[in-house]
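The values are calculated or read from the model by the stated rules, or taken from the named source; none is laboratory data. Predicted model, so just to flag it, every value in this text is computed and none were measured. Note: ideal-geometry Cβ built from the backbone for every residue, glycine included; neighbour counts use all protein chains shown. Surface areas here come from the heavy atoms of the whole protein model, side chains and all, with no ligands, DNA or RNA. Shrake-Rupley method; radii C 1.70, N 1.55, O 1.52, S 1.80 Å.
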Amino acid sequence: MSDTSTPSADEKNIAVLTHLGGIFFSFVPALIVWLLKKDDSAFIGEQAREALNFQITILLAGVVAWVLVFLLIGLALLPLIYLANLVLCIVAAVGVSKGQSYRYPFALRLIS
């Protein structure tokens, strides 16, 4: 297992793709990376778990917003959820590309 303080270039690239994959494919890329790589690299495992927790949070927020569409509140929430996902995934990708661990500010910590 590699040291989390000095991730290799490959580890950084996988972590970047894990975070960015959430923009297009929801929790699936993070789940795949976490299941396949969590034991190979502490850095990748930590970042995949973080991305997975965030994407599950976004998914739950989207479900709640869809339910609230009937009250018209969801119509405003859906674009905000998408925008938050886009911005925070990009911020996370930039952070991990520098080798820094990233923690999403609005994520339920369901997977530990």
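Descriptive notes on the structure:
- Checking each residue in the range 68-102 for being more than 14 Å from GLN55 (Cβ to Cβ) and assigned to a loop (DSSP other than H, G, I, E, B) picks out LEU72, LYS98, GLY99, GLN100, SER101.
- Restricting ALA51, ALA30 to those that are assigned to a helix (DSSP H, G or I), closer than 23 Å to VAL94 by Cα and in contact with a His (Cβ under 6 Å, 6 or more places away or on another chain) reduces the list to ALA51.
- Restricting the range 85-97 to residues that are in contact with a helix residue (DSSP H, G or I) (Cβ under 8 Å, 6 or more places away or on another chain) and open to solvent by 40 Å² or more (accessible area, probe 1.4 Å), the residue that is farthest from ALA15 (Cα to Cα): LEU86
- Scan of the range 3-25 for residues that are in a loop (DSSP other than H, G, I, E, B) and closer than 16 Å to ALA93 by Cβ, ordered by number: PRO7
Results for (1) among the hydrophobic types (A, V, I, L, M, F, W, C); (2) crowded, with 19+ Cβ neighbours inside 10 Å, shown as yes or no for each residue.
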residue: GLY21; (1), (2): no, yes
residue: LEU35; (1), (2): yes, no
residue: ILE44; (1), (2): yes, yes
residue: THR57; (1), (2): no, yes
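- From the options ASP40, ASP10, residue that is in contact (Cβ under 8 Å) with a residue 24 or more places away in the chain, open to solvent by 30 Å² or more (accessible area, probe 1.4 Å), among the charged types (D, E, K, R) and out of contact with any Asp or Glu (no Cβ under 6 Å at 6 or more places or on another chain): ASP40
- Unique match (being more than 14 Å from TYR104 (Cβ to Cβ) and either at pLDDT 95 or above or in contact with a Cys (Cβ under 9 Å, 6 or more places away or on another chain) (or both)) among LEU75, LEU80, LEU86: LEU80
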